[in-house]
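Undergrad: For reference, the structure I am asking about is given below.
The values are calculated or read from the model by the stated rules, or taken from the named source; none is laboratory data. As the structure is a prediction and not an experimental result, all values here were calculated from the model. Positions of Cβ are generated from backbone atoms using ideal geometry, with glycine treated the same way; all protein chains shown enter the neighbour counts.
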Amino acid sequence: MVSIEEALDRVRLHVRNANLVKHMIAVSSIMRGLAERLGEEPELWGAVGMLHDIDYEEVGEDWERHGLLSAEMVSDILPEEALHAIKAHNQMTGVKAERRMDVALIAADALSGLVVATALMMPGKRLEEVKVSSLRRKFKDGSFARGVSRDNIMRCEELGIKLDEFFEIGLGSMRKVAADIGL
């Protein structure tokens, strides 16, 4: 079983963009929070979040390969269920999100973008300034963070988690890594 630290080391071998690395750290933290809430394996779910975009710089504009290449790049350190989640997080691969881990990764990936965008709107640009009510307001404003899929965030309900609780899990999880992601 790969640790979060080992997963991050692998990411740093393949990803030069610091903001992309921060994104993967954020998604990893949310995935760990979701795993704890759902009684799953936090280390495994965190590793999936950490490694899901490891191919991002290598696939370029070939979005149908994004996720498939990531899974291939980490097939030596993750079990099949984790590789499936990584493939399924990008709808363009044609791999269906069928398991809780799959759905969690899709939702966590989107939520991380909303949380970061909201934090950057705060006076001090810090996660500690963000409240669940801020996330709810920004979520409802379709013109805010347009690239963030509200539908993907709402997939939290497929996990039996209401939106406000998902915001709490995501925000609380990301605060644990605030120093690592510069927020």
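Undergrad: Whether any residue in segment 120-128 is at pLDDT 95 or above, touching an Asp or Glu at 6+ places or on another chain (Cβ under 7 Å) and of a type in the set (A, V, I, L, M) is what I want to check.
TA: yes
Undergrad: Here is a further query. Identify the residue in segment 127-153 that is of a type in the set (Ser, Thr, Tyr) and either more than 17 Å from Ser173 (Cα to Cα) or free of Cβ contacts under 8 Å to residues at least 12 places away in the same chain (or both) and, among all such residues, is surrounded by the fewest Cβ atoms within 10 Å (Cβ to Cβ).
TA: Top of the filtered list is Ser143.
Undergrad: Six or more apart or on different chains, Cβ under 6 Å: which pairs go from a residue in segment 165-183 that's under 22 Å from Met154 (Cβ atoms) and assigned to a helix (DSSP H, G or I) to one that's at pLDDT 95 or above and polar (S, T, N, Q)? Could you list them?
TA: Ser173/Ser29; Met174/Ser29
Undergrad: Here's a follow-up. Just one of (1) within 16 Å of the chain's Cα centre (by Cα); (2) of a type outside the set (A, V, I, L, M, F, W, C); (3) surrounded by fewer than 23 Cβ atoms within 10 Å (Cβ to Cβ) trips up Ser112, so point out which.
TA: (3)
Undergrad: If the requirement is being at pLDDT 95 or above and farther than 22 Å from Ile25 by Cβ, which of these qualifies: Ser149, Ser173, Ser133? Before you say what the answer is, go through the steps one by one.
TA: Working: Ser149 fails: farther than 22 Å from Ile25 by Cβ; Ser173 fails: farther than 22 Å from Ile25 by Cβ.
None of the others qualify; the one that does is Ser133.
Undergrad: Let me ask something else. As an exercise: evaluate Ala110 against (1) under 20 Å from Arg65 (Cα atoms); (2) without any contact (Cβ under 8 Å) to a residue 40 or more places away in the chain and give the number of the one condition it does not meet.
TA: Among (1) under 20 Å from Arg65 (Cα atoms); (2) without any contact (Cβ under 8 Å) to a residue 40 or more places away in the chain, Ala110 violates only (2).
Undergrad: Let me ask you something else. Here are some conditions: (1) under 26 Å from Val130 (Cβ atoms); (2) within 14 Å of the chain's Cα centre (by Cα); (3) of a type outside the set (A, V, I, L, M). Asn90 meets all but one. Which one does it not meet?
TA: Single failed check for Asn90: (1).
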